[in-house]
Amino acid sequence: MGDTLLETKAGMDGDRTAALARALGVLLEEHKGSGVVAIDLRQMNTWTDFFVIATVTSNAHLDGLDRHIKDFVREHSMEIIRRSPRLQRSQMQRLQMASGSAALPDDEWRIIDMGTIVVHLMSGRARSFYELERLYPPPLAEIIYPLSN
């Protein structure tokens with residue numbers, strides 16, 4: 001009986017987590033994230049269950065979506081385990097000088113890790129270069145957002 005209860009609870013938690021991943025997809029789309037997708041990785045990974053990926057248009061857009069995610073996490077009694085660190089100005093200047101680039105490195109990709117859900121906010125350039133969706137093809141990974149008709 002105890003095993004059945006644990007299996008039922010695990011199933012319910014998985015469904016709740018999937019619902020939260022979809023809700024994050026909706027949130028990102030509502031705030032103008034583009035190409036939003038949520039991917040169920042439970043059959044492929046042990047370190048996370050879902051990726052939610054969105055493309056941002058600017059650093060201000062990235063920061064805004066980050067704030068909305070923080071609010072969502074707080075409202076749903078979740079926890080952010082790890083966020084990709086913002087670089088200090090001196091670190092950014094060294095990287096810019098070394099690469100010859102005027103773009104700020106943290107404009108490209110921010111990762112927000114909530115354990116079972118990892119959100120990737122990416123610039124268009126980073127998204128097309130890394131193509132995260134291609135790393136997790138069906139049938140092992142399932143797109144759960146947007147819902148197919």
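Coordinate-derived values only; no laboratory data. Being a predicted model, the structure only gives us computed values, none of them experimental. Note: ideal-geometry Cβ built from the backbone for every residue, glycine included; neighbour counts use all protein chains shown.
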(request) Would you tally the net charge around PHE50, using a Cβ to Cβ cut-off of less than 11 Å, leaving PHE50 out, and scoring K and R as +1, D and E as -1? (result) -1
(message) If I model a spin label at THR46 and ASP71 as a point 7 Å from the Cα along the Cα→Cβ vector, what separation in nanometres do I get?
(response) 3.9 nm
(request) Arrange LEU132, LEU147 by Cβ neighbour counts within 10 Å, fewest through most, would you? (result) LEU147, LEU132
